[in-house]
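The values are calculated or read from the model by the stated rules, or taken from the named source; none is laboratory data. Bear in mind that the values here come from a model prediction, so they are computed numbers and not experimental data. As a convention, Cβ positions derive from the backbone with ideal geometry for all residues, glycine included, and neighbour counts pool all protein chains shown. For the accessible areas, the whole protein counts, side chains as well, though only heavy atoms, and no ligand, DNA or RNA atoms are used. Shrake-Rupley method; radii C 1.70, N 1.55, O 1.52, S 1.80 Å.
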Amino acid sequence: MAKRKKKKKNFKYILFLIFIISATFIYFNFKKNSFLNEINYEYSGTINYYDIYGIHMNFNGEFELDDNLSNPKLVLANSSYEKEIKWNLKNKDNNYSFKTSDYINDGINLENLKLGTYYLLIKAKSNDSDIYFPLINTTEYKNLEYYTLTKNNSNKKIDITWDKYKDNEILTFNIKNTTLPDDVYDITIDPGHDGNDAGVIVCSDGSAPDISSKCMTGDTYKESDINFYQAEELKKELEKLGYKVKLTRNSTTDTIPTYGKMGSGTTANTTKSKFNIAIHHNSSNVPGGMSSIYGLEVYVAGNSKFDLAKSFVKNITEKANVSVSTKKEFKVQDGIYQRFSDDDITPYYYMIREVGGIATHAYVDGSNTKYDENPYYISNNTAEGYLLELGYIDNVKELKNILNNKDKYAKGIALGLDKYLKNTSD
Ligand SMILES: [Zn+2]
């Protein structure tokens with residue numbers, strides 16, 4: 001008897017649970033739909049450009065306001081939450097155009113969005129109330145997927161989708177907790193050059209290598225090897241901070257293509273990394289290892305905010321006891337460099353240009369048969385790229401510091417990134 005009673009009790013309990021779950025589901029669906037119902041679909045604006053570059057998303061668009069509407073704002077909103085998005089707004093006779101930022105590595109910081117489902121809308125004041133209206137996609141681009149950087153072993157997945165509600169297009173952000181899939185990473189490091197391409201070759205005593213690239217007296221050092229060992233050290237430091245890190249090659253002898261799926265210029269995007277850090281060491285091509293130039297150079301893309309570049313410079317110079325480069329060409333600030341093609345905007349280095357897709361004017365489309373196609377040259381969801389020339393290995397003093405203090409350079413780079421990420425809000 002006692003047993004049967006227990007079963008009955010369990011059954012009631014399960015019924016009750018089912019009721020609660022269904023009621024919650026119906027309630028939230030109702031709430032969601034009531035918000036979607038409140039949107040004024042008679043009005044709409046357009047999105048004419050959008051991209052994700054690194055951790056930031058940017059939108060360009062336009063809309064018109066009737067005379068009875070004023071004070072427009074760009075918002076990410078649902079029935080219980082609203083976040084105003086910063087924008088640069090221009091108005092000419094009630095025809096508005098907007099950009100969420102003039103910089104490619106600025107705009108909506110995807111790392112800081114709250115869990116939930118939101119809609120990107122224009123909010124405007126009508127006589128006595130606010131109206132919300134949607135934005136329509138005029139670009140060839142579709143839905144995007146973003147994984148936030150690993151924090152405390154967990155991540156968020158953001159699905160940015162052009163959904164339909166009663167035949168109206170509505171840009172939806174859906175943010176859920178997750179952990180990273182095996183093939184998704186936070187950061188990619190490219191140790192410059194590879195087993196087939198040594199980069200600079202120097203001798204430890206400052207003598208010049210002979211025609212077979214061997215040193216007669218001092219030890220022979222290849223840039224490709226130094227880059228690799230430095231990249232390994234950096235990977236360790238970033239992993240200590242909790243990030244998931246991918247190297248583009250796994251040994252000093254590995255050879256890798258530039259493009260293809262897992263090339264030096266494509267691995268960051270194939271693995272959905274937010275940052276791509278290319279590690280290089282410089283030379284001024286003065287024979288005999290007596291380079292008078294020395295120091296750190298951080299190469300950045302055009303239309304960039306320098307916050308992260310500055311953080312790299314500050315932390316690397318402090319931790320590794322090095323100075324900013326004495327080189328003047330391409331310099332824009334102490335330690336920060338920009339090198340462009342003839343058009344003065346397209347980055348010269350493919351590690352920055354091709355990795356950034358449309359944000360950085362990538363152009364390797366396969367039409368030049370010398371190279372394979374970069375599958376991401378037209379992508380609007382790409383990694384933010386930095387090329388670090390950590391020092392001049394044909395300067396004997398600097399070579400010693402580089403060989404003996406890889407751990408300190410690694411600490412400087414890793415802290416530079418980590419501190420930047422902790423300080424960025426929007
Ligand atoms: Zn190099």
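Here are a few things to note about the model shown:
- Note on the range 368-408 and the range 121-154: Cα centroid distance 35 Å, given to the nearest whole angstrom.
- Where a label projected 7 Å from the Cα of ASP344 along Cα→Cβ would reach, residues of the range 96-131 with amide N under 20 Å: 102-104
- Using only side-chain charges placed at the Cβ, +1 for Lys and Arg and -1 for Asp and Glu, the dipole size of the range 332-375 relative to its Cα centre rounds to 100 debye.
- ASP197/GLU169 FRET efficiency (R0 51 Å; Cβ-Cβ; nearest 0.05): 0.60
- Its Cα centre serving as origin, the chain has a Cβ charge dipole (Lys and Arg +1, Asp and Glu -1) of approximately 3180 debye.
- Rough spin-label spacing in nm, given labels placed 7 Å along Cα→Cβ, for ASP365 and LYS331: 3.8
- Label-point gap, in nm, between ALA208 and GLU318 - each point 7 angstrom along Cα→Cβ: 4.2
- These residues, VAL300, VAL200, go from largest to smallest accessible area, 1.4 Å probe, as VAL200, VAL300.
- Among the listed pairs LYS32/LYS157; LYS272/LYS310; LYS90/LYS310; LYS114/LYS164; LYS222/LYS327; LYS261/LYS305, those whose Cα-Cα separation exceeds 26 Å are LYS90/LYS310; LYS261/LYS305.
- Ordered from highest to lowest accessible area with the whole protein assembly present and a 1.4 Å probe, PHE173, PHE28 read as PHE28, PHE173.
- Ordering of 391-401, 372-382, 69-79, 17-27 by burial proxy (mean other Cβ atoms within 10 Å per residue, highest first): 391-401, 372-382, 69-79, 17-27
- DSSP beta bridge pairing in the chain, given as percent antiparallel to the nearest 5: 75
- For the pair LYS240 and SER284, label points projected 7 Å from Cα toward Cβ lie 3.3 nm apart.
- Heavy-atom accessible surface of ARG353, to the nearest 10 Å², is about 20 Å², with a 1.4 Å probe and all protein chains retained.
- Relative contact order for the range 67-160, counting Cα pairs under 8 Å that sit 6 or more residues apart, in percent: 25
- Proximal aspartates and glutamates to LYS246, defined as alpha-carbon separation beneath 14 angstrom and excluding residues fewer than eight positions away on the same chain: ASP182, ASP183, ASP186, ASP190, GLU232, GLU233, GLU237
- Computed [θ] at 222 nm, helices only, for the chain once each DSSP H run of length n ≥ 4 contributes -39500 (n - 2.57): -8000 deg cm²/dmol
- Here the extension length gained between ASN152 and ASN94 equals 16.2 nm, from 0.36 nm per residue of separation less the Cα-Cα distance.
- The residues of the chain expose on average 50 square angstrom of accessible surface per residue, using a 1.4 Å probe on protein heavy atoms.
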